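K.L.:
Encoded as structure tokens, here's the structure I'll be asking about.
The values are calculated or read from the model by the stated rules, or taken from the named source; none is laboratory data. Everything numeric in this text was worked out from a predicted model, so none of it was measured. All Cβ positions, even for glycine, are placed from backbone atoms using ideal geometry, and neighbour counts span all protein chains on display. Protein only, heavy atoms only, side chains kept; ligands, DNA and RNA dropped before computing areas. Shrake-Rupley method; radii C 1.70, N 1.55, O 1.52, S 1.80 Å.
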Amino acid sequence: MTEETPNTLPEIVGPKEWLTARRELLVKEKELTRARDAVTALRRASPMIEVEKEYVFEGPDGKVTLLDLFEGRQQLILQHAMFAPEWDDGCLSCRHAIRDHGYLPHLHEKNTTLAVESRAPFPKIQAYKERMGWTLPYYSSFGNDFNYDFHFTLDEEKAPILINWRTKEEHEAEVGPWDMWGTELPGMAVFIRDGEDIYHSYSTFARGTDNLLWTLNHLDLTPLGRQV
């Protein structure tokens, strides 16, 4: 659920009232900053799990493994963009997220690679990528189990349903039908390697990726907000 566009603009006040309101808001902003720092520390300290299965993707140079996606760096942030094999085009929201990625060399300087994967066959992805004018690494996971194992694609015949870390039964009890939004979920998975050994440290889905979106975070500073 995202915010709605306000029907009216905020109240117009004088300088003294504006400063008072700004100072009150600053208290809340600092609370949020401290809470975010604490959660970030917990995230970094969370346990990891070894990736024992070998996943084969396809890119512009042919077949590649998950290890290849690191491009020799120690860390990998892998975005799942919703683009199922039978679709003619990628998800609009995921397209927005891909366009919002910043200057990747800044990540590279920190020994981290960012890449995108989708389940569509690579010829579809390549045509889509060229049409969008993207240069970032974008791979096809068509035919492998990656999306099912990491819960970006929901299919009970492939893997038990787990939606944002809820089982199917938990999700239906708390939210509603598990497939009400379809069977593809947008999200990110984070990996770190020690030589050729790969570890999965973190994954997040849907609004869990909000803090990665440059446009939305800037719009959050404005009176009109995200306008959705």
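K.L.:
Could you derive backbone 3J(HN,Hα) for the stretch 124-138 from the dihedral phi with the Karplus parameters 6.51, -1.76 and 1.60 (θ = phi - 60°), listing whole Hz in sequence and x where the residue is Gly or Pro?
P.N.:
For the stretch 124-138, the Karplus curve yields 5, 5, 4, 5, 5, 4, 5, 5, 7, x, 8, 10, 6, x, 9 Hz.
K.L.:
Rounded, prolate or oblate for the stretch 55-102? Axes are the square roots of the Cα gyration tensor eigenvalues, ordered a ≥ b ≥ c, and the cut-off for rounded is a/c under 1.5.
P.N.:
Numbers: a/c = 2.67, a/b = 1.38, b/c = 1.94.
The shape class here is oblate.
K.L.:
Run a plain Debye calculation on the chain (Cα atoms as equal point scatterers, no solvent) and give log10 I(q)/I(0) at q = 0.09, 0.13, 0.14, 0.17 Å⁻¹, rounded to two decimals, same order as the q list.
P.N.:
-0.46, -0.89, -1.01, -1.38
K.L.:
Give the residue list of chymotrypsin sites (Phe, Trp or Tyr not before Pro) in the stretch 56-135 that are DSSP loop and have at most 16 other beta-carbon atoms within 10 angstrom. Don't skip to the answer; put the middle values down first.
P.N.:
Numbers: sites: 57, 70, 83, 87, 103, 128, 134; in loops: 70, 83, 87, 103, 134.
When the chymotrypsin sites (Phe, Trp or Tyr not before Pro) of the stretch 56-135 are filtered for loop state and at most 16 Cβ neighbours within 10 Å, 87, 103, 134 remain.
K.L.:
Based on the alpha carbon coordinates of the stretch 29-117, what radius of gyration and maximum Cα-Cα distance (Dmax) apply, in Å?
P.N.:
Calculated on Cα positions, Rg and Dmax stand at 16.3, 48 Å.
K.L.:
Using the beta-carbon distance between residue 180 and residue 61 and R0 = 45 Å, what value does 1/(1 + (r/R0)^6) give for FRET efficiency, to the nearest 0.05? Walk me through the numbers on the way to the answer.
P.N.:
Details: r = 39 Å, r/R0 = 0.86.
In this case the efficiency is close to 0.70.
K.L.:
Which whole-Hz ³J(HN,Hα) couplings does the stretch 62-77 yield from phi under the Karplus relation 6.51 cos²θ - 1.76 cosθ + 1.60, θ = phi - 60°, glycine and proline marked x?
P.N.:
So the J values, rounded to whole Hz, are x, 6, 9, 9, 4, 4, 4, 5, 5, 6, x, 8, 7, 10, 9, 10.
K.L.:
In addition: Considering only the other residues whose Cβ falls under 13 Å of the Cβ of residue 133, what net charge follows from Lys and Arg at +1 and Asp and Glu at -1? Please list the in-between numbers first.
P.N.:
Details: positive: 95, 99, 129, 131; negative: 130.
Net of charged neighbours comes to +3.
K.L.:
Could you sort 216-226, 146-156 so that the peptide with the highest average Cβ count within 10 Å comes first and the rest follow in order?
P.N.:
On the way: 216-226: 12.2, 146-156: 19.5.
Result, highest mean Cβ count within 10 Å first: 146-156, 216-226.
K.L.:
Over all directions, the average projected area of the alpha-carbon convex hull for the stretch 189-228 comes to how many nm²? It would help to have the intermediate numbers written out before the result.
P.N.:
On the way: hull surface 15.0 nm².
Its average projected convex-hull area is 3.7 nm².
K.L.:
Sorting check: for 109-122, 30-43, 169-182, which peptide has the highest mean count of neighbouring beta carbons within 10 Å, and how do the rest follow? Don't skip to the answer; put the middle values down first.
P.N.:
Details: 109-122: 19.3, 30-43: 10.2, 169-182: 12.6.
The most tightly packed comes first, giving 109-122, 169-182, 30-43.
K.L.:
List every residue whose amide H lies under 5 Å from the amide H of residue 82, counting only residues 5 or more places away in sequence or on a different chain, with H placed 1.01 Å from N in the peptide plane.
P.N.:
The answer is 91, 94.
K.L.:
Let me confirm the definition first: pairs of Lys residues in the chain, 8 or more apart or on different chains, C-alpha distance under 17 Å. How many are there?
P.N.:
Working: 53/63; 53/158; 63/124; 158/168.
Counting lysine pairs in the chain gives 4.
K.L.:
Would you mind checking which residues have amide H under 5 Å from residue 198's amide H? H placed 1.01 Å from N; only 5 or more apart, or other chain.
P.N.:
So residue 198 has HN proximity to 51.
K.L.:
Now for a separate question. Around residue 65, which amide H atoms from residues at least 5 apart in sequence, or from another chain, sit under 5 Å from its own amide H, with H modelled in the peptide plane?
P.N.:
57
K.L.:
Within the chain, what whole-number % of the accessible surface is contributed by carbon and sulfur, with the 1.4 Å probe and all protein chains included in the calculation? Before the final figure, lay out each step's value.
P.N.:
On the way: 7910 of 14390 Å².
Carbon and sulfur: 55 percent of the exposed surface of the chain.
K.L.:
Kindly report the accessible area of the chain per residue (heavy atoms of protein chains, probe 1.4 Å, no ligands, DNA or RNA), in Å². Please list the in-between numbers first.
P.N.:
Values: 14390 Å² over 228 residues.
With the other protein chains kept in place, the chain gives 63 Å² per residue.
K.L.:
Next question. Once each part is reduced to its C-alpha centroid, what is the distance from the stretch 159-225 to the stretch 1-77 in angstrom?
P.N.:
About 11 Å separates the Cα centre of the stretch 159-225 from the one of the stretch 1-77.
K.L.:
Hey, with R₀ at 45 Å, roughly what FRET efficiency would residue 17 and residue 41 work out to, going by the Cβ-Cβ distance, to 0.05? Write down the numbers at each step before the final one.
P.N.:
Working: r = 37 Å, r/R0 = 0.82.
It comes to 0.75.
K.L.:
Same structure, new question: Which whole-Hz ³J(HN,Hα) couplings does the stretch 167-181 yield from phi under the Karplus relation 6.51 cos²θ - 1.76 cosθ + 1.60, θ = phi - 60°, glycine and proline marked x?
P.N.:
Couplings: 5, 4, 5, 5, 5, 5, 6, 9, 10, x, x, 5, 9, 5, 10 Hz.
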